[in-house]
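Any read-out appearing in this document is the output of simple, stated calculations on the displayed coordinates, not a laboratory observation. Please read all numbers here as calculations on a predicted model, not as lab measurements. Here the Cβ positions follow ideal geometry from the backbone for every residue, glycine too, while neighbour counts run over all protein chains shown.
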Amino acid sequence: MNPYLNEDLVALAAQARRFAADRIAPGFQERDRTRVLDRGLMKAMGEMGFIAPELPEVCGGLGMGSLAAGVIHEEIARADLSMSYVNLLASLNGQILSQHGRPEIVQPWLAKLIGGEALFAIALTEPRGGSDAANLRLRIERDGDDYIVNGEKTSISAADQADAAVVFGRTGSIDAGAHGVTALLIPMDLPGITRNRFDCHGQRAIGRGSLFFENVRVPAAHRLGDENKGFVQVMQGFDFSRALIGLQVLAVARVALEETWAHVAERQAFGKPLSAFQGVSHPLADLDTQVEAARLLCLQALWLKDHGAPHSAEAAMCKWWAPKLAYDVIHQCLLMHGHGGYDRGPMEQRLRDVLGFQIGDGTAQIMKTIIARHRAGRAAVPA
């Protein structure tokens, strides 16, 4: 019995697992090979209510809470981590749009987002740095009723596939730091936008790339939050996504463990199943224990969010620990499968897919700094 999941959430997770097993898992490796995200699957996910169910009903969501988003998210990730990016990006961007955008502007986009008819990117990282996220150089300058956008964003998930993006840029002086940053909702079909795609190691169906803005004119009504305060206001939503990322990678680790336990119980060596040897079963038991603990931490962070309680430290713990743990788990599971794991197949793809989360969306070092500031105080842990 999980203390954070009631009967309704358990039933919701079971429904999502059936859908993911039937519809998403069969194309897992093919999407990695072709590097194409299945828009038909996105729409089917939306029709099932599996995209951003936590958004309030007034915005077109189901008002089910963060834990509901979490249990769906991990079931989609079990089948294909890249497809679960649809959930991650929708929840993060949907929260930003619903809380900080003008209803008449964002409502049509939210309907498409929730319905699986639009994919959003979040454009924060720039070529000069990712961890120093407030040190932005992309310029956003007011021109009457519009903003003019010039600059580059890089390492952006779904860069070449997104229909729109939440873009952060500098409206104030460089010296203003985070207090001179503004966020805009920018459709990706506006004149002056070009984009490319990287040849990434994993997460290949969703992909990453760069966005280039050259004198792109965006209506001022598309601003999200207040001018010069976009970073401070909007970045609060990243606590939510960090907990979701934890569940996302741990779901991949959990299915790898399930397959590996079954494999070592069946495969024979020296007249015994491999699981009879402590050198095999004990490492798996150790990792299984840590995965269960890490998952509880992620669910706790979402529970705290649903109850309006502070959860920044817990979310940061989820973000640094879970991706590292998931990689270690899948690495061990791959080795337990011998050459069958090392060969091109589900296990090696999972290893490639989870690795990226040790880099993107906040490094372990940044997450540990956040935790330290919450424990010792910001003055004791300066930038």
Open item on the list: Taking 51 Å as R0, compute the FRET efficiency from the Cβ-Cβ separation of A21 and S173 and round it to 0.05.
Closed with: 0.45
Open item on the list: For the range 324-380, what does the convex hull of the Cα positions come to per residue, in cubic angstrom?
Closed with: 75
Open item on the list: Using only the alpha-carbon atoms, how far is helix 103-114 inclined from the longest principal axis of the chain? Give it as 0 to 90 degrees, nearest 10.
Closed with: 20
- [ ] Once you've got the Cα coordinates, tell me which of K153/K319; K153/K305; K112/K368; K229/K305 are over 26 Å apart.
- [x] K153/K305; K112/K368
Task: Helix axis angle, 81-100 relative to the chain longest principal axis, alpha carbon, degrees - done: 30
Task: Neighbourhood charge, 9 Å Cβ-Cβ cut-off, centred on L67 and excluding it, Lys, Arg +1 and Asp, Glu -1 - done: -1
Task: Cβ-defined net charge surrounding A165, 15 Å radius [Lys, Arg +1; Asp, Glu -1] - done: +1
Task: Geometric extent, Cα atoms of the range 194-241 - Rg, Dmax (angstrom) - done: 15.1, 38
Task: Paramagnetic reach from N215 in the range 137-180 [backbone N under 19 Å; point 7 Å along Cα→Cβ] - done: 138-152
- [ ] Name the most mobile residue of A159, A111, A69, meaning the one with the largest mean-square fluctuation, in a Gaussian network model of the chain with Cα contacts below 10 Å.
- [x] A111
Open item on the list: Suppose we look only past 32 Å in the calculated P(r) of the chain. What percent of the Cα-Cα pairs does that tail hold?
Closed with: 33
Task: GNM flexibility winner over the chain from R344, R17, R31 (Cα, springs under 10 Å) - done: R344
Task: Computed over the range 229-306, the ratio Rg/Rh where both radii use C-alpha atoms and Rh is Kirkwood - done: 1.24
TODO: Could you quote the convex hull projected area for the range 121-228, Cα atoms only and averaged over all directions, in nm²?
DONE: 6.5
Task: Selected from R352, R170, R373 as most flexible by GNM, with the chain as the system and alpha-carbon contacts under 10 Å - done: R373
Task: Cα extents of the range 77-155 along the three principal axes, largest first (Å) - done: 42, 33, 18
Task: Other-chain or far-sequence residues with amide H under 5 Å of A164's (modelled H) - done: L119, A121, M188
- [ ] Over the residues of the range 13-96, compute the C-alpha Rg and express it relative to 2.2 N^0.38 Å.
- [x] 1.04
TODO: Quick one: angle between helix 346-355 and the longest Cα principal axis of the chain, in degrees between 0 and 90, rounded to 10, please.
DONE: 40
Task: Cα convex hull of the range 235-380, projected area averaged across orientations, nm² - done: 9.7
